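To keep things clear, I will list the structure first and then write my remarks on it.
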Amino acid sequence: MLDEKENTYLAKWLNNDLSPEELEELKKLPEYDDYKKIVEGLAYFKAPSFDLQPSLATTLGKIYRPKKAKVINLKPIVYTFTAAASIVLIIGLFFNTVSYTADPGQQLAVVLPDGSSVDLNAASTLTHRRFFWSQNRKITLEGEAYFKVTSGSNFTVATKLGKIEVLGTQFNVKSRATEFSVACYEGKVRVSTQDNQQKILQKGNGVSLKDKKLIDETITDQEPLWKKGESIFNSVPLIHVLDELERQYDITFRRDKINQNQLFTGGFNYNDLSIALESVLVPMGIEYVVNGTTVLLSVP
């Protein structure tokens, strides 16, 4: 099997991080030519549509299936085992991903391998492939994030409700349950929904998905309000306002005694829970009791 040092060299090689000295040391390995062929082949390899783990288990099962005992040369066995293990290692690295999560009540700044930056809003997760990033700048987002993308090849943000394709721009994406919106602050983006609706957005343009249709919006701020620690709503069902309060303050509402469909216009900041609760609930005529991280809601 590969030792820890060889594993490290292979991982750095795949990510183009090997120093000239380390590369020369790697070339001295008897298996180097095999590794080189595998890596060159992976450059043209696309992820299969099937589930990798069961398929890999089947392949390994065939490789190591017990056979009838017979006298054979020991050295070829060790070499074959090492080569098979190396293939598994490299394929595993190829499909490896990196995930970043901003927990409720937190925001997280992320720098991607190409230098692009992402600010994750509370209760949001971003995932991207660990290796060969420059060949496929694609990430998956659950939640909300603000992007500043460096120039280069196409950059794609995939969500459950739609995808955004960009080239050197700044934009905000929100994709939570049934909520989906995109705001462009610089450059140009193309927004596509799951049912193939498309919109081209430039600076100052935005769209939101309402009743399964993309609705145009005008963006007047220089950046999303959540980056300034604020949330503003205009005739939005109360359920979405309470959801945002839960994300920003890591609390839980008991809502069974109130009408969450009534519309709310107003906002709250992220600095003080007491003020935020008062800003939202008092105008709606809702009484509340804070019990630790649980807030009980009721009407008089």
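The values are calculated or read from the model by the stated rules, or taken from the named source; none is laboratory data. Nothing here was measured: the structure is a model prediction, and the numbers come from that model. Counting neighbours? That spans all protein chains shown, and the Cβs are built from the backbone with ideal geometry, glycine included. Heads up: the accessible areas ignore ligands, DNA and RNA and are worked out on the full protein's heavy atoms, side chains in. Shrake-Rupley method; radii C 1.70, N 1.55, O 1.52, S 1.80 Å.
Rounded to the nearest 0.05, what FRET efficiency do residue 225 and residue 151 give with R0 = 30 Å and r taken as the Cβ-Cβ distance? Could you check? The value I calculate is 0.65.
Measuring only protein heavy atoms, the 1.4 Å probe finds residue 278 accessible over about 110 Å². In the context of the full set of protein chains, the range 156-300 has a per residue accessible area of 54 Å² (1.4 Å probe).
I need the calculated FRET efficiency for the pair residue 190 and residue 235, taking r as the beta carbon distance and R₀ as 30 Å, to the nearest 0.05. Mind showing how you got there, number by number?
Values: r = 28 Å, r/R0 = 0.95.
So the FRET efficiency works out to roughly 0.60.
Taking a point 7 Å from the Cα of residue 252 along the Cα-to-Cβ direction, the residues of the range 268-300 with backbone N closer than 18 Å to it are 289-298.
Sort 235, 279 by heavy-atom solvent-accessible area, probe 1.4 angstrom, most to least.
On the way: 235 65, 279 45 Å².
Result, largest first: 235, 279.
Largest to smallest in accessible area, the residues 103, 114 fall in the order 103, 114 (1.4 Å probe, all protein chains included).
When Rg is the radius of gyration of the Cα atoms in the range 127-278 and Rh is its Kirkwood radius, what does Rg/Rh come to? Show your work: numbers first, answer last.
Values: Rg = 16.6 Å, Rh = 16.7 Å.
Taking Rh as the inverse mean 1/r over Cα pairs, Rg/Rh reads 0.99.
Dipole size of the range 247-296 about its Cα centre, with +1 on Lys/Arg Cβ and -1 on Asp/Glu Cβ: approximately 180 debye, rounded to the nearest 20. Here the average projected area of the convex hull drawn through the C-alpha atoms of the range 212-256 stands at 4.8 nm².
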